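The values are calculated or read from the model by the stated rules, or taken from the named source; none is laboratory data. Remember, it's a predicted structure, so these values are computed and weren't measured experimentally. Cβ sites come from the backbone with ideal geometry, for glycine too, and all protein chains shown count toward neighbours. Only protein heavy atoms, including side chains, enter the accessible area calculation; ligands, DNA and RNA are left aside. Shrake-Rupley method; radii C 1.70, N 1.55, O 1.52, S 1.80 Å.
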Amino acid sequence: MKKLQKIVFSAFLFMSFAAFAQEEGAAYYPALKSPKDIIVMKTSFDVYFDVLFNTLAGNENLKPACRLEIPSNWNKAYSDFKGTKPAFGCASYRLVLKGLKSNCRYAFYIKSTPSSSCAVYVDGKLLASSGTVTDSAEKFRPAYEPIYADFTSSHTGEAELVVQVANFVYRKGGIWLPIYFSEQDALYRYYNTEAGIIVFACSMLLFLCIVCFTIFALNIKKRSPLYLGLFLLSLLLRMGITGFNILPLVFKNIPYGVLFKMEYSVLWIGPPAFLFFLWSMFEWMTKCRRLAYAYGILEAVLGLLTVFLPISIVNKMVLLFEITALIGTVFCIVILITGVFKKEKHIVMYLLSVLVIALALLYEMAYLVLRGAIIYSYIPLAVLILAVIQFFTLAAQETEL
């Protein structure tokens, strides 16, 4: 009899804890070792599809939430929920932050709008928004800009974070970018530092672009400055949007689709521009002119499609852009290796610039595999080094001529 009572009592405790855990929902204890520490919130959120709320209080009768690891897109989970394969819809992400200092200022930072509109609430209070979050495609307005929000924790050291997300235009939905979290002072400095680095790098690239185009305008028969200028311009657009999305902060009325098309331009402008730049520098490359022209025409067609098609179609062509960009990159690497065997002048400088970018990319890929997200990126510095080396190599070669 006593054994049966123990079993019943244990079952009762288990059910009570299970019910309590279900009511409690997703929780996260930020492991901030010091006030200067910045972490990437890699945890699971409770996700309520097709429901928009700013706090769970008063909404306890909702359907059970699913758990999604952040960062990740919602496509698979939403497909299971809807029974189809949509990326379009809306959802409320909820997470309870625990173990915070009482009455302390904290902040969040997401490099770009969760696809493709969002509103951030803490304890039911709106802190930041981007675009128009709605459950209707007609009223929906997408946006693509950095998200920064700060709040003061309660005396209990807890905070309810709710992120509303709506997407009716992009191929991926949900919070698929990392959320950076820290005490307000540390994260604000990080936010400003990132912005400052990107502004400096973009300013340098813009200056080099202007110089290249000016040199070309003074002597249109020499096209190498034009090709280098186009290559640097594509890097400038990419960095100014993905490194730190500074363009929508400077130019408030840039449409969502235009920003994405500018970001994609590095895939169909960069490789052919660099390829033709090498062609203009190495005389023996005239033997490959048919292949180079064919590749240039292919990328030009993709560029026209990017410009004229709506972004809802263009963003589904990313894989095609990446494949053609990879082909062009391989083509350029083959040319550089051939240049080594032919003992071309300044070939070491060309290889050095490419090696700098390759090492930065390999480092970030390895770091992402091991840590899941990177806080400080060396890509802007690597791109700037590449641009400077290429420009001075061009200047040296033109001076010799």
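Might you check whether a residue that is surrounded by 19 or more Cβ atoms within 10 Å (Cβ to Cβ) and in contact with a helix residue (DSSP H, G or I) (Cβ under 8 Å, 6 or more places away or on another chain) occurs anywhere in the stretch 154-168?
Checking the stretch 154-168: not a single residue is surrounded by 19 or more Cβ atoms within 10 Å (Cβ to Cβ) and in contact with a helix residue (DSSP H, G or I) (Cβ under 8 Å, 6 or more places away or on another chain).
Across the stretch 176-206, what is the number of residues that are open to solvent by less than 70 Å² (accessible area, probe 1.4 Å) and touching a strand residue (DSSP E or B) at 6+ places or on another chain (Cβ under 8 Å)?
Going through the stretch 176-206 one residue at a time, the tally reaches 12.
Which one is modelled with the lowest pLDDT among residues in the stretch 9-36 that are surrounded by 14 or more Cβ atoms within 10 Å (Cβ to Cβ) and more than 26 Å from residue 78 (Cβ to Cβ)?
32
Taking the stretch 281-295 as the region of interest, how many residues are closer than 14 Å to residue 345 by Cβ and in a helix (DSSP H, G or I)? Can you show your working first?
Taking the stretch 281-295 first, the residues closer than 14 Å to residue 345 by Cβ are 281-284.
Imposing the further condition that a residue be in a helix (DSSP H, G or I) reduces the set to 281, 283-284.
Selection size over the stretch 281-295: 3.
Here's the yes/no breakdown for (1) in contact (Cβ under 8 Å) with a residue 12 or more places away in the chain; (2) open to solvent by 20 Å² or more (accessible area, probe 1.4 Å); (3) at negative phi:
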{"residue": "257", "(1), (2), (3)": "yes, no, yes"}
{"residue": "264", "(1), (2), (3)": "yes, no, yes"}
{"residue": "270", "(1), (2), (3)": "yes, no, yes"}
{"residue": "273", "(1), (2), (3)": "yes, no, yes"}
{"residue": "276", "(1), (2), (3)": "yes, yes, yes"}
{"residue": "283", "(1), (2), (3)": "no, yes, yes"}
{"residue": "292", "(1), (2), (3)": "yes, no, yes"}
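Please go through the stretch 207-255 and give me each residue that is of a type in the set (Lys, Arg) and either assigned to a helix (DSSP H, G or I) or open to solvent by less than 70 Å² (accessible area, probe 1.4 Å) (or both), ordered by number. It would help to see each step written out before you state the result.
In the first step, residues of the stretch 207-255 are kept if they are of a type in the set (Lys, Arg); the result is 221-223, 238, 252.
222, 238, listed by residue number.
Can you pull out the residues in the stretch 56-98 that are over 23 Å from residue 41 (Cα atoms), of a type in the set (Ser, Thr, Tyr) and either in contact with a strand residue (DSSP E or B) (Cβ under 9 Å, 6 or more places away or on another chain) or surrounded by 12 or more Cβ atoms within 10 Å (Cβ to Cβ) (or both)?
Result: 79, single match.
Would you pick out the residues in the stretch 115-154 that are outside any strand (DSSP E or B), of a type outside the set (Phe, Trp, Tyr) and touching a residue at least 60 places away in the same chain (Cβ under 8 Å)?
116, 123, 124, 131, 133, 134, 135, 142, 143, 145, 146
Would you check if residue 50 is open to solvent by less than 40 Å² (accessible area, probe 1.4 Å), modelled with pLDDT of 90 or more and of a type in the set (Asp, Glu)?
no
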